[in-house]
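These notes are about the structure you will find just below.
The values are calculated or read from the model by the stated rules, or taken from the named source; none is laboratory data. These numbers come from a predicted model, not from an experiment. With ideal geometry, Cβ positions are generated from the backbone for all residues, glycine too; neighbour counts draw on all protein chains shown. Surface areas here come from the heavy atoms of the whole protein model, side chains and all, with no ligands, DNA or RNA. Shrake-Rupley method; radii C 1.70, N 1.55, O 1.52, S 1.80 Å.
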Amino acid sequence: METTGLDPRSDEILQIAVVYGDGSVAINALTRSARHQSWPRAEAIHGITPEMVKGAPPIADVSARVAEALGGADLLVGYNLVFDIAFLEAAGIALPTCERFDVMREFAPVANRRVRGAGGNRSYRFQTLEACAKRYGYVGSPGRASRPHDALNDTQAALHCFYAMLEDDGSRYARAGQVPYLDVVARRAKRV
């Protein structure tokens, strides 16, 4: 999704996309902001202008379709799901009770870039979706060039990376025992 900013309590969804596990597009919609006339900082990132969403429906008018598209899921996959879920909940969209796979969080150990945190603890640094997509060879969907910060492209890239992680046990990128997504991958692989 693309938003007017980073705070789900005051910012709003401007573009939302839902893609099923088979790659088919359930939803790709622009939505009009009810509280903001402009969002220059966010616009500089995703390129969605107030003029582009002027005639779009508000998220409230799209929320039932989003909830229906997500409703039957046994797994939600996304990149930075915490962010997306916070905005979906703020918009009043009901989410299914199911397993969740945050590609961003699971990719961090694969990328194996560490930062020193509080108390000298070292943790993995989150990487951009662009970096993850590059690692796993995502170049865009057929007939559509890859463009970061487009909700549909980002959703398709996250799904591509998820499937690439299913196929890859992580051993090429991290030592054994360092890749926490392997348990999820093992469970999913049995169902795919």
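Length available on full extension from Phe83 to Glu43: 0.36 nm per residue minus the Cα-Cα distance, which gives 12.6 nm. Per residue, the accessible area of region 1-51 comes to 53 Å² when a 1.4 Å probe rolls over the protein heavy atoms. Given a 1.4 Å probe and the protein chains as shown, Asp11 ends up with an accessible area of around 20 Å². Extending 7 Å from Cα along the Cβ direction at Val25 and again at Val139 yields two label points whose distance is 2.0 nm.
In plain terms, the chain from Glu51 to Arg100 could stretch by 14.2 nm, reckoned as 0.36 nm per residue minus the Cα-Cα distance. Working note: Debye formula, equal point scatterers on the alpha-carbon atoms of region 59-98, no solvent; log10 I(q)/I(0) at q = 0.26 Å⁻¹ is -0.94.
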